[in-house]
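Derivation of every value follows stated rules applied to the coordinates shown; laboratory data play no part. All values reported here derive from a predicted model rather than from experimental measurement. Positions of Cβ are generated from backbone atoms using ideal geometry, with glycine treated the same way; all protein chains shown enter the neighbour counts.
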Amino acid sequence: MFGRRAETDLVDTDELNAFFAALGRLDDAELSRMRAAWRSIGRPDHEKAWAEVRAVGARDGLSAEIDRVRDRALVWARKGSNRPGHELPDDMTWLEIKMEAAEAIVDAALATALGGRLDGQTRATLLTPWESVRPRREA
């Protein structure tokens with residue numbers, strides 16, 4: 001027991017569960033806004049943020065947990081059916097819209113899961129797409 005690091009579960013937390021619950025209330029326009037906000041962030045900023053995520057994973061022994069959070073976000077984006085009675089743009093399916101937003105969803109999920117372990121700039125970069133829709137939803 002002594003000297004052994006306690007197991008950390010980043011996937012099953014109140015914060016991440018609340019994130020996915022809120023994500024499930026987004027509509028197609030909001031998911032499209034998340035994707036657009038994600039794409040507006042420059043590649044160097046994305047790379048820097050992900051380098052920080054990997055560094056936190058290595059430093060805190062959370063690399064496997066980071067992978068689990070990423071996997072949960074991708075499963076959310078890949079799962080789902082068309083919402084009945086919901087008109088989607090350009091004959092796209094609900095699943096296609098979710099998949100297009102997958103990168104933004106992964107970033108926001110990781111920022112939520114890692115919280116204060118990330119520096120402020122990294123967290124802000126990863127949360128930019130979520131912030132583009134969250135204030136309206138939480139108001």
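Computed quantities for the displayed model
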{"item": "In order through the range 70-77: 3J(HN,Hα) via Karplus (6.51 cos²θ - 1.76 cosθ + 1.60), integer Hz, x for Gly, Pro", "result": "4, 4, 4, 5, 5, 4, 4, 5"}
{"item": "Gain upon complete extension [residue 8, residue 94; 0.36 nm per residue less C-alpha separation]", "result": "27.6 nm"}
{"item": "FRET efficiency estimate (nearest 0.05) - Cβ-Cβ, residue 74 to residue 17, R0 25 angstrom", "result": "0.90"}
